[in-house]
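Where a number appears in this text, it was derived from the coordinates with a stated rule and is not lab data. Because the structure is predicted, anything quoted here is derived from the model rather than measured. We place every Cβ from the backbone using ideal geometry, glycine too, and count neighbours over all the protein chains shown.
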Amino acid sequence: MKIDASTSAVVTGGASGLGKATAQALAAAGVKVAIFDVNEAKGLEVAQSIGGVFCKVDITNEDSVIEGFAKARAANGQERILVHCAMTSRRGKTLAWDKTAGRLKRLPTADYEYGVQGILVASYRVASLSAEGMATLEGLEDGERGCITLTASVAAQDGQIGQLIYGSAKAGVNGLVLPMARDLSDLGIRVNCIMPGIFATPLMLGAAPKVLESLSASVPFPKRLGKPEEFASLALEFVRNSYFNAQCIRLDGAIRMAPR
């Protein structure tokens with residue numbers, strides 16, 4: 001797909017980290033960008049810096065997402081590009097020792113459901129609503145109408161202890177990709193997914209220096225955390241190269257996560 005000023009994009013989680021870098025890269029390529037995020041202050045700041053539009057959106061709320069798309073499309077036109085980076089989740093082991101109660105305690109089903117809603121269900125919600133709009137567009141070369149990029153994680157394949165919710169929900173995101181790509185193939189809408197490893201996002205950079213050093217050393221090569229710009233680069237390549245479809249690609253410096 002050709003990327004220029006005639007193209008519109010929506011990036012969720014665009015106020016920081018992977019989403020911010022992707023929004024910046026798309027804007028630098030001339031694309032009209034709308035940012036979905038719950039952080040209004042940072043989202044507005046990023047949107048203004050790239051000449052985009054900010055939409056305050058809670059990805060776990062259907063009405064909020066629908067309203068976000070309506071605002072984005074009113075400002076920039078129907079998006080051909082969606083990059084979904086936003087998520088919410090919780091941590092916890094299936095069974096963990098509760099020191100206060102002196103017994104094993106089960107991870108509450110409500111916690112598991114929260115993560116599935118914030119990762120897997122939200123991915124379906126945002127992608128399907130975007131696809132519904134993309135389907136109304138005129139087809140470009142090969143009849144292409146749009147490109148959807150979801151975000152999973154290496155935890156989808158290497159889920160560590162305490163990542164039951166996150167790992168299984170991200171694996172579910174990978175599981176969306178092939179059937180959704182097949183569902184949308186007749187409409188010329190492609191669906192792919194990036195599985196980032198350990199990236200230098202604001203959340204990760206909040207860890208202690210020794211922890212960051214250890215994490216960097218655990219990456220085979222290059223021995224550092226991934227740069228958000230590297231995630232953005234792959235997201236843009238998914239858009240540009242129309243033969244990418246139904247792919248779940250690791251972007252991780254060859255890391256394979258140990259159980260702990």
Charge dipole magnitude, Cβ of K and R +1, D and E -1 - the stretch 148-231, Cα centre, debye nearest 20: 180
Whole-number D in µm²/s for the stretch 1-123 (Stokes-Einstein; Kirkwood sum over Cα pairs; 20 °C, 1.002 mPa s): 137
Less than 19 Å from a label point 7 Å out along the Cα-to-Cβ axis of Lys223: which backbone N atoms in the stretch 241-260 qualify, by residue? 252-258
Packing-based ranking, highest mean first, of 189-200, 54-65 given that Cβ atoms within 10 Å are counted: 189-200, 54-65
May I ask for the angle, rounded to the nearest 10°, between helix 164-184 and the longest principal axis of the chain, with both axes built from Cα atoms and the value confined to 0 to 90°? 20
So if I restrict to the alpha-carbon atoms in the stretch 53-141, what is the Rg, and what is Dmax, the biggest pairwise distance, in Å? 18.5, 64
Which three extents, in whole angstrom, do the alpha-carbon atoms of the chain cover along their principal axes, largest first? 62, 37, 37
Before rounding to the nearest 500, sum -39500 (n - 2.57) across all DSSP H runs of length at least 4 in the chain and divide by the residue total; then give [θ] at 222 nm in deg cm²/dmol. -13000 deg cm²/dmol
Find how much the distance from Glu113 to Glu230 grows on full extension, using 0.36 nm per residue of separation minus their present alpha carbon separation; answer in nm with one decimal. 39.0 nm
